[in-house]
């Protein structure tokens, strides 16, 4: 169980890093944020990679591991 939760936290960290990189791509170095580079598809990607994972997916899946819910399908439904 410990390794599953650790792996889940590492995946959350990686997903947050991907989204942070997408955030940074909307800014040019040494300048202000350029909203012409910011599209709805980029917003959706940031939302999926960052906010949705660590605010909803991560807590639910950690609780499922702690409650020893071993049904893989139930855990994968939150992925």
(request) Of the numbered conditions (1) within 17 Å of residue 6 (Cβ to Cβ); (2) within 19 Å of the chain's Cα centre (by Cα); (3) modelled with pLDDT of 70 or more, residue 43 fails exactly one; give the number of that condition. (result) (1)
(request) Those residues that are closer than 17 Å to residue 39 by Cα and out of contact with any helix residue (DSSP H, G or I) (no Cβ under 6 Å at 6 or more places or on another chain), I need them from the stretch 1-22; list them, please. (result) 20, 21
(request) For residues that are modelled with pLDDT of 80 or more and touching a helix residue (DSSP H, G or I) at 6+ places or on another chain (Cβ under 7 Å), tally how many sit in the stretch 46-68. (result) 5
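The values are calculated or read from the model by the stated rules, or taken from the named source; none is laboratory data. In this text, all values refer to a predicted model and were calculated from it rather than measured experimentally. As a convention, Cβ positions derive from the backbone with ideal geometry for all residues, glycine included, and neighbour counts pool all protein chains shown.
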